[in-house]
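*Asks:* I'd like to ask you about the structure that follows.
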Amino acid sequence: MKNTDKSYQQDTNAIRGGYQMTHENEHSEALFLTSSYVFDSAEMAAQSFSDEIQGNVYSRYTNPTVRSFEQRLAMLEEAERAVATSSGMAATLAVIMALLESGDHIVCSRDVFGSTRVMMDKYITKFGVEVSYVPLVNLSAWQNAVKANTKMFFCETPSNPLSEIADLEGLSQIAKKANSLLVVDNCFCTPVLQQPLKWGADIVVHSATKYIDGQGRALGGAVVGSAELMDQVLGFLRAAGPTMSPFNAWIFLKGLETLSLRMKAHSANASALALWLSQHPKVSKVFFAGLPDHPGHSLAKKQQSDFGAVVSFVVDGGRDAAWRVIDATQMLSLTANLGDAKTTIVHPATTTHGRLSPEALQEAGIQQGLIRIAVGLEDLEDIKNDIELGLSQL
Ligand SMILES: *Cc1c(COP(=O)(O)O)cnc(C)c1O
């Protein structure tokens, strides 16, 4: 049998990492659809249940296909370990449930995924964990929000939908001094474009539902970090159950194989589209960290190998104008999803950020005329032409 433990370049690890061929000599990774496993003897069963020997016991916390996905993702993030979860939200929930307790305090970026905010406000606080929100890019606001009971910093970079960039090194220094863990949602970049652990983050969370799948088929997530922290996260999954299904793990395992190529193609399309939009007479402003006049441009260049594929722009005329543009497009999918080969278009103020009050929207800088594009992999000319159909309505 060939040696499968050897480590290669990242693009090779994404294709060959984390998999041990079974005795069937399959070339494509096997899918283990089994909830439980059998033991050779009663003694082995007892040793497996008490963790004296490592082995498969029950797929709530041990499954070979899920493990392969975890190992491959950990290699790409250059982390000790990854733990797969049933969704991106389950990843964030597992981190908080495993590592915090009643009386602890989280400092969280104001600009996080909508459900992250709802989870914190409606459920996490219910169990006596406090949450404060600060603007992502304002380091002194993070510093000032620290209290004696602060245990965790949580952020997402680049932010959605304005492409703001967190200074991860700066944040990690403040977090370390405050004895707090820095948790970064790396869904928009994936490890291909950004490895937050390199900049001092302690934990990375992913929604695999987005770019890791890349074709909008399955829900999943992951937590990545040190073996010590991941042991605790897996302990929560083992007890509570929001585990990744083996079938979804198999889809994501195959998704990782093309992730690097796709992220580069997504980013190239997005950079070209952002430039075109920035020169368009009907567009008053473009938010994309790849543009040199974006306030996060130099930080993005430092932390990321490319700029990702979420581009937002503003049209004059507020909500009605934005809706007219969106409704006149023919090819783009009108959906809040992102990370798909298909380009999507959405009006953040009335969908992804629709639960925010008018004041909160203004504070977050989300205008009524703002439109968000998650740039896919179609031919750039077709994407431009479709947006032009919309803009020609104005
Ligand atoms: C979609 C998303 C999530 C949640 O992931 P699910 O897999 O839908 O639960 C979390 N963070 C970001 C940035 C996302 O885009």
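The values are calculated or read from the model by the stated rules, or taken from the named source; none is laboratory data. Keep in mind that what you see is a predicted model, and the values were worked out from it rather than measured. Quick reminder, even Gly has a Cβ in these numbers, built from the backbone with ideal geometry, and neighbours come from all protein chains shown. Please note that ligands, DNA and RNA were not included when accessible areas were found on the heavy atoms of the full protein model with its side chains. Shrake-Rupley method; radii C 1.70, N 1.55, O 1.52, S 1.80 Å.
*Asks:* Is one or more of the residues making up the range 330-337 within 20 Å of the chain's Cα centre (by Cα) and either without any contact (Cβ under 8 Å) to a residue 12 or more places away in the chain or open to solvent by less than 10 Å² (accessible area, probe 1.4 Å) (or both)? Full working, then the answer.
*Replies:* From the range 330-337, those within 20 Å of the chain's Cα centre (by Cα) are 335-337; that's our starting set.
Checking the rest, the ones that are also either without any contact (Cβ under 8 Å) to a residue 12 or more places away in the chain or open to solvent by less than 10 Å² (accessible area, probe 1.4 Å) (or both) come to 335.
Yes, that holds for at least one residue.
*Asks:* Another one. With the requirement that a residue be more than 9 Å from the ligand (Cβ to nearest atom), under 30 Å from N144 (Cα atoms), surrounded by 24 or more Cβ atoms within 10 Å (Cβ to Cβ) and small (G, A, S), what does the range 181-218 give you?
*Replies:* Within the range 181-218, just A201 meets the criteria.
*Asks:* Identify the single condition in (1) closer than 23 Å to H266 by Cα; (2) touching a residue at least 24 places away in the same chain (Cβ under 8 Å); (3) touching a helix residue (DSSP H, G or I) at 6+ places or on another chain (Cβ under 9 Å); (4) open to solvent by less than 30 Å² (accessible area, probe 1.4 Å) that L299 does not satisfy, given that it satisfies every other one.
*Replies:* The number of the failed condition is (4).
*Asks:* Among the numbered conditions (1) under 16 Å from the mean Cα position of the chain (by Cα); (2) away from the ligand (no atom under 15 Å from the Cβ), tell me where T157 comes up short.
*Replies:* The one condition T157 does not meet is (2).
*Asks:* Something else: Determine the pairs where a residue that is closer than 14 Å to D202 by Cα and among the acidic types (D, E), located within the range 153-178, has a partner that is away from the ligand (no atom under 16 Å from the Cβ) and open to solvent by 10 Å² or more (accessible area, probe 1.4 Å) with Cβ atoms under 7 Å apart, the partner being 6 or more residues away or on another chain.
*Replies:* E169/W199; E169/G200
*Asks:* Moving to a separate point now. Within 23 Å of D231 (Cα to Cα), in a helix (DSSP H, G or I), open to solvent by 10 Å² or more (accessible area, probe 1.4 Å) and in the same structural domain as G221 (by TED's automatic domain parsing): does that describe Q143?
*Replies:* Numbers: within 23 Å of D231 (Cα to Cα): no; in a helix (DSSP H, G or I): yes; open to solvent by 10 Å² or more (accessible area, probe 1.4 Å): yes; in the same structural domain as G221 (by TED's automatic domain parsing): yes.
Criteria not met by Q143.
*Asks:* Pick from T92, T62: which is outside any helix (DSSP H, G or I) and at pLDDT 95 or above?
*Replies:* On the way: T92 fails: outside any helix (DSSP H, G or I).
Matching residue, one of T92, T62: T62.
*Asks:* Residues D327, D316, D293, D340: which one is within 19 Å of K210 (Cβ to Cβ), not in a strand (DSSP E or B) and not assigned by TED's automatic domain parsing to the domain that holds E77?
*Replies:* On the way: D327 fails: within 19 Å of K210 (Cβ to Cβ); D316 fails: within 19 Å of K210 (Cβ to Cβ); D293 fails: within 19 Å of K210 (Cβ to Cβ).
Sole residue among the options that is within 19 Å of K210 (Cβ to Cβ), not in a strand (DSSP E or B) and not assigned by TED's automatic domain parsing to the domain that holds E77: D340.
*Asks:* Hey, can you tell me all the residues within the range 156-183 that are assigned to a strand (DSSP E or B) and out of contact with any Leu (no Cβ under 7 Å at 6 or more places or on another chain)? Working first, answer last.
*Replies:* Going residue by residue through the range 156-183, those that are assigned to a strand (DSSP E or B) are 156, 181-183.
Those that are assigned to a strand (DSSP E or B) and out of contact with any Leu (no Cβ under 7 Å at 6 or more places or on another chain): E156, V183.
*Asks:* I've got another one for you. Determine which single condition D293 fails, assuming it passes every other condition in (1) open to solvent by less than 10 Å² (accessible area, probe 1.4 Å); (2) without any contact (Cβ under 8 Å) to a residue 24 or more places away in the chain; (3) among the acidic types (D, E).
*Replies:* (1)
*Asks:* Scan the range 227-258 residue by residue and report those that are in a loop (DSSP other than H, G, I, E, B) and either open to solvent by less than 40 Å² (accessible area, probe 1.4 Å) or not polar (S, T, N, Q) (or both).
*Replies:* Pass one, the range 227-258, residues in a loop (DSSP other than H, G, I, E, B): 241-242, 244-245.
The answer is G241, P242, M244.
*Asks:* Across the range 119-134, which residue is nearest to the ligand (Cβ to nearest atom) among those that are open to solvent by less than 50 Å² (accessible area, probe 1.4 Å) and out of contact with any strand residue (DSSP E or B) (no Cβ under 8 Å at 6 or more places or on another chain)? Write out each step before concluding.
*Replies:* Residues of the range 119-134 open to solvent by less than 50 Å² (accessible area, probe 1.4 Å): 119-120, 124, 128-129, 131-132, 134.
Pick out the ones that are also out of contact with any strand residue (DSSP E or B) (no Cβ under 8 Å at 6 or more places or on another chain) and you get 119, 128.
Numbers: M119: 10, G128: 24 Å.
Once the filter is applied, the top-ranked residue is M119.
*Asks:* I'm told T22 meets every condition in (1) at pLDDT 95 or above; (2) over 30 Å from the mean Cα position of the chain (by Cα) except one. Can you identify the failing condition by its number?
*Replies:* All conditions are met except number (1).
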